[in-house]
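Asks: The structure follows.
What follows draws every value from the coordinates through simple rules; no lab data is involved. These numbers were taken from a predicted model, which means no experiment stands behind them. Every residue, glycine as well, gets a Cβ built from its backbone with ideal geometry; the counts of neighbours run over all protein chains shown.
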Amino acid sequence: MIVMYERGMRNIHPGEILREEVINANEITITAASKLLGVTRTTLSNIINGKSDISPEMCYRIATVFGGTADIWANLQTKYNLKAIADKVKTFNLTPYKPGVGA
């Protein structure tokens, strides 16, 4: 399950990947999946709808219940977060530091 982040591609929240590639692919309801993961339906719903990040604890829960590794989910979340903030940072008008040049 590798998601490439190239210029112009939509930034996909890892919760969407969890919903489509794990939950829906296995024909599990959100309620059943939340019970398997030991979280509330609301918690899982917020993740799969992109309203909440996948926490490190949730990464381990997903890996334990559905397989794979926690690192995969943590990396997907980190890449999503970095891509989401990249354009915003461009508006900060930051200048790279150059030694010897006054601030």
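Asks: Can you pull the one-decimal nm distance between simple spin-label points at N49 and A63, each 7 Å off the Cα toward Cβ?
Replies: Distance between label points: 2.9 nm.
Asks: Let me ask another. Give me the net charge for the shell around T43: Cβ to Cβ below 13 angstrom, other residues only, Lys and Arg +1, Asp and Glu -1. Intermediate values should be presented prior to the final figure.
Replies: Working: positive: K35, R41, K51, R61; negative: D53, E57.
Residues close to T43 contribute a combined charge of +2.
Asks: What dipole magnitude, in Debye to the nearest 20, does the chain give about its Cα centre under +1 on Lys/Arg Cβ and -1 on Asp/Glu Cβ?
Replies: Rounded to the nearest 20 debye, it is 380 debye.
Asks: Right, next: Given the convex hull of the Cα atoms of the range 49-94, what is a quarter of its surface area in nm²?
Replies: 3.9 nm²
Asks: A further question on this structure: So for each of 88-97, 59-68 I average, over its residues, the number of other beta carbons within 10 Å; can you give me the resulting order with the highest mean first?
Replies: Working: 88-97: 7.5, 59-68: 15.7.
Sorting 88-97, 59-68 by mean packing, highest first, produces 59-68, 88-97.
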